[in-house]
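Q: Handing you this structure, nothing more for now.
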Amino acid sequence: MNIEQEITHRAASIEERIHPYMPTEPGLQQTVIDAMDYSVFAGGKRLRPMLMEASYRMFGGTEDTVEPFMAAIEMIHTYSLVHDDLPAMDNDEYRRGKKTTHAKYGEAMAILAGDALLNRAYETVAQAMLAHPEDSRLMRAFAILAEKAGIYGMVGGQTVDVESEKKGQEIGREKLDFIYRLKTGALLEASLVIGAVLAGASEEEAGRMEQAGTKLGLAFQIKDDILDVTSTMEVLGKPIGSDTRNEKSTYVTFEGLEQAQKDVKALSEEAVSILDGVSGEHDFLRELFLYLIGREK
Ligand code: GRG
């Protein structure tokens with residue numbers, strides 16, 4: 001398998017399948033619809049829906065009930081990026097090589113586009129549940145999505161991150177790990193667990209997928225910290241060095257670049273070994289986990 005080609009192919013297919021879940025009905029609220037569309041289709045690796053679908057297939061899922069959840073998690077991920085880029089948070093002007101949503105549409109419209117994407121995600125999943133009222137897996141998956149995106153997940157991690165950014169604030173490794181596990185890890189965990197649950201995996205198997213997601217999330221965020229130091233604006237699609245400029249404590253400031261690289265590799269391999277302990281064909285997932293160690297953006 002040429003993993004790069006496979007990822008590109010899957011990302012394109014995911015993009016096509018997400019599209020129909022986005023709003024299209026024209027109305028006076030056209031601007032916010034345009035801003036949602038701009039944000040979702042500005043690029044992006046489509047990693048979360050890719051993980052979700054691969055996990056679904058790993059546990060024998062064959063239907064398209066996973067698709068609304070794939071669309072929903074990408075909408076939630078995109079809303080989080082749109083809000084994270086706002087002047088009140090990171091105040092970033094570029095992402096994925098393009099102007100951020102607030103830089104293009106203004107701050108108010110970016111807040112609304114983020115809000116609308118979050119709502120649209122839940123609308124999308126609710127429609128799927130209404131279409132299959134007999135399938136309790138959809139309800140379980142919905143509950144996981146909501147929890148992992150909320151205060152016990154991504155929003156919780158972002159809260160501690162925002163509070164820790166006050167200049168001169170010393171944050172310990174424990175707090176850093178908490179931030180990474182929730183801010184970055186929670187949606188990756190959700191992707192793997194939701195795929196498993198929708199395909200009918202057992203509680204134990206879903207738990208293992210969650211553990212793999214936790215390790216992967218940590219590795220992914222540490223790699224993000226590394227790229228902020230070692231990459232370029234051209235490759236990353238956003239300015240580098242933002243953590244240093246904001247005097248932000250990161251894994252790299254705690255452990256140094258070399259150790260951080262080693263830990264990304266070790267964590268990714270731990271994630272793979274958890275995967276390998278679960279039955280079900282997962283060649284692509286394994287390759288994807290390992291590919292992310294060396295990712296350049
Ligand atoms: C605003 C509630 C709220 C949360 C924001 C996701 C997030 C939390 C902040 C974004 C900044 C950041 C460094 C998050 C860590 C996770 C991460 C590396 C996100 C980028 O994910 P990719 O690389 O993005 O999958 P693409 O563009 O490929 O979709």
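Q: Return the residue satisfying two criteria in turn: it lies in region 35-93 and is closer than 24 Å to Thr159 by Cα and touching a strand residue (DSSP E or B) at 6+ places or on another chain (Cβ under 8 Å), and of such residues it is farthest from the ligand (Cβ to nearest atom).
A: By that ranking, first place goes to Glu93.
Q: Determine whether Thr100 is at pLDDT 95 or above, hydroxyl-bearing (Ser, Thr, Tyr), within 15 Å of the ligand (Cβ to nearest atom) and within 18 Å of the chain's Cα centre (by Cα).
A: It is true that Thr100 is at pLDDT 95 or above, hydroxyl-bearing (Ser, Thr, Tyr), within 15 Å of the ligand (Cβ to nearest atom) and within 18 Å of the chain's Cα centre (by Cα).
Q: Please work out if Asp92 is at pLDDT 95 or above and either at positive phi or of a type in the set (Asp, Glu) (or both). Even if it seems obvious, please write down each step before you answer.
A: Working: at pLDDT 95 or above: no; either at positive phi or of a type in the set (Asp, Glu) (or both): yes.
The answer is no for Asp92.
Q: Still on this model: Let me confirm something: among Glu16, Glu53, Glu4, which residue is touching a helix residue (DSSP H, G or I) at 6+ places or on another chain (Cβ under 7 Å) and either among the charged types (D, E, K, R) or surrounded by fewer than 14 Cβ atoms within 10 Å (Cβ to Cβ) (or both)?
A: Checking each option against the conditions leaves just Glu53.
Q: Just to be sure, is Glu63 under 20 Å from the mean Cα position of the chain (by Cα) and open to solvent by 20 Å² or more (accessible area, probe 1.4 Å)?
A: It is false that Glu63 is under 20 Å from the mean Cα position of the chain (by Cα) and open to solvent by 20 Å² or more (accessible area, probe 1.4 Å).
Q: Check region 17-25 and report whether any residue there is closer than 26 Å to Leu192 by Cβ, at pLDDT below 95 and out of contact with any Leu (no Cβ under 6 Å at 6 or more places or on another chain).
A: Checked against the condition, which is being closer than 26 Å to Leu192 by Cβ, at pLDDT below 95 and out of contact with any Leu (no Cβ under 6 Å at 6 or more places or on another chain), region 17-25 yields no hits at all.
Q: Among the residues of region 228-260, what is the count of those that are open to solvent by 70 Å² or more (accessible area, probe 1.4 Å), closer than 25 Å to Gly97 by Cα and assigned to a helix (DSSP H, G or I)?
A: Total satisfying the criteria: 6.
The values are calculated or read from the model by the stated rules, or taken from the named source; none is laboratory data. Just so you know, these numbers come straight off a predicted model, no measurement behind them. Cβ atoms come from the backbone with ideal geometry, glycine included; neighbour counts cover every protein chain shown. Areas reflect the complete protein model, heavy atoms only, side chains present, ligands, DNA and RNA absent. Shrake-Rupley method; radii C 1.70, N 1.55, O 1.52, S 1.80 Å.
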